[in-house]
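Down below is the structure, laid out as structure tokens.
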There are 2 protein chains.
Amino acid sequence: MRIYFAGSIRGGRDDWTTYRDIIALLSNYGSVLTEHIGDSEISITGEDLADDYIHDRDLEWLRKADVLVAEVTTPSLGVGYEIGRAVEWGKRVIGLYRPSPARRLSGMIAGCAGIMVHPYDEPSELPAILRLALNPEP
Amino acid sequence: MRIYFAGSIRGGRDDWTTYRDIIALLSNYGSVLTEHIGDSEISITGEDLADDYIHDRDLEWLRKADVLVAEVTTPSLGVGYEIGRAVEWGKRVIGLYRPSPARRLSGMIAGCAGIMVHPYDEPSELPAILRLALNPEP
């Protein structure tokens, strides 16, 4: 299984350790095409590459992926954009979301029939969530 | 001309007065389908409607629109998602972006050939930007 993991970069790196942990979990299910999202060396300024190169490379990875797993706690234009393209392509889209009193998940994400959103309070819940979300039906 | 204006709601309402001013400018060019984005009464919690209703209503408006104008300064999953769908549909997409030293625009937005991004420093620049972006070629 080829997995595209999406998490915020220039929208904010507050959750990067969670991204790193999710990527480690996802690697048990297949090959993660976007491992750099969980890299401590990638800051809010992003990769030192031309934007059109990043866009075209990431879209190509997304096109090849069997599933998009998106961590949607930190608002991010790029993650939203990737979800929009993937929904349009009929890809399986899994959202992971940590609710907080100060915020609500975007209505466009929470209300999209093409996205399966799994809320969680603690990263310790993620192994079980991913097991249910990614394993094939029995 | 039918114009879909996109700006952050649940991602943060810091720029809502700018959205209001952009919507007022856009109404000189056609009908703005999403005037509520510039409404002072819409807070970060969003509209008091079911998410699937909001999603399907907004997508229907986006589908009918001739152009998507997105203010992309505040990171927002919903705005990114709408841009992704609109690019996929071959819609004209105009981005308005206020650069700041602390942030960079998402590589997926800045690097997408289907989006024309116009940076601005002050809202006073927006009338001229929109005149150039929205008027038909001479």
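Taken together, the values in this text are just the output of simple stated rules run on the coordinates, not laboratory data. In this text the structure is predicted, and so the values were computed from the model without any measurement. Don't worry about glycine lacking a Cβ; one is built from the backbone with ideal geometry, like all the others, and counts go over all protein chains shown.
Annotation for A:Leu49 and B:Arg57: the two label points, set 7 Å from Cα along the Cα-Cβ direction, are 4.0 nm apart. For the stretch A:29-138, applying the loop criterion from DSSP together with a ceiling of 15 other beta carbons within 10 Å to the chymotrypsin sites (Phe, Trp or Tyr not before Pro) yields A:Trp89. For peptide B:63-76, the mean count of partner chain Cβ atoms within 10 Å of a residue's Cβ comes to 2.
With K and R counted +1 and D and E -1, the other residues having a Cβ less than 13 Å from that of A:Asn28 yield a net charge of 0. Say we join alpha carbon atoms closer than 10 Å with springs in a Gaussian network model of chain A; which of A:Ala86, A:Ala113, A:Ala50 then has the biggest fluctuation? Answer for the Gaussian network model of chain A: A:Ala50.
Annotation: the antiparallel percentage among DSSP beta bridges lying fully within the stretch B:1-133 is about 5.
Relative contact order of the stretch A:1-41, taken over Cα pairs closer than 8 Å and 6 or more residues apart, is 58 percent. Distances from A:Arg131 to itself in the other copies, using label points 7 Å out along the Cα-Cβ axis, amount to 6.4 nm in increasing order. For the protein assembly as shown, the Kirkwood hydrodynamic radius comes to 18.9 Å, computed from all pairs of different C-alpha atoms. Whole Å is fine, so just give me how far the alpha carbon centre of the stretch B:1-45 lies from that of the stretch B:80-115. Cα centres, the stretch B:1-45 to the stretch B:80-115: 17 Å. Compactness of the stretch B:80-138 was expressed as the Cα radius of gyration divided by 2.2 N^0.38 Å, which yields 1.20.
Label point of A:Asp21 set 7 angstrom out along Cα-Cβ; within the stretch A:119-136, amide nitrogens under 18 Å from it belong to A:119-133.
Note on chain B: with a GNM built from Cα contacts shorter than 10 Å, the maximum mean-square fluctuation among B:Ser106, B:Ser124, B:Ser43 falls on B:Ser124. Helix content alone sets the calculated 222 nm mean residue ellipticity of chain A: runs of n ≥ 4 DSSP H residues at -39500 (n - 2.57) each, divided across all residues, give -10500 deg cm²/dmol. Residues within the reach of a label modelled at A:Asp66 (point 7 angstrom out along Cα to beta-carbon, backbone nitrogen below 16 Å), restricted to the stretch A:82-119, are A:91-94. Can you bin the stretch A:17-58 into rounded, prolate or oblate? Criterion: square roots of the alpha carbon gyration tensor eigenvalues sorted a ≥ b ≥ c, rounded for a/c under 1.5, prolate for a/b above b/c, oblate for the rest. Taking the square roots of the gyration eigenvalues as a ≥ b ≥ c, the stretch A:17-58 is oblate.
Label-point distances for B:Trp89 to the equivalent site in the other copies, using a point 7 angstrom along Cα→C-beta, read 2.0 nm when ranked shortest first.
Each other copy holds its own label point for A:His118; taking that point as 7 Å from Cα along Cα to Cβ, the gaps run 4.3 nm, nearest first.
Under a Gaussian network description of chain A, with springs only between Cα atoms under 10 Å, the residue in A:Asp21, A:Asp48, A:Asp121 that fluctuates furthest is A:Asp48. Classify chain B as rounded, prolate or oblate, taking a ≥ b ≥ c as the square roots of the eigenvalues of its Cα gyration tensor: rounded when a/c is under 1.5, otherwise prolate if a/b is larger than b/c and oblate if not. Rounded shape, in that the Cα axes give a/c under 1.5.
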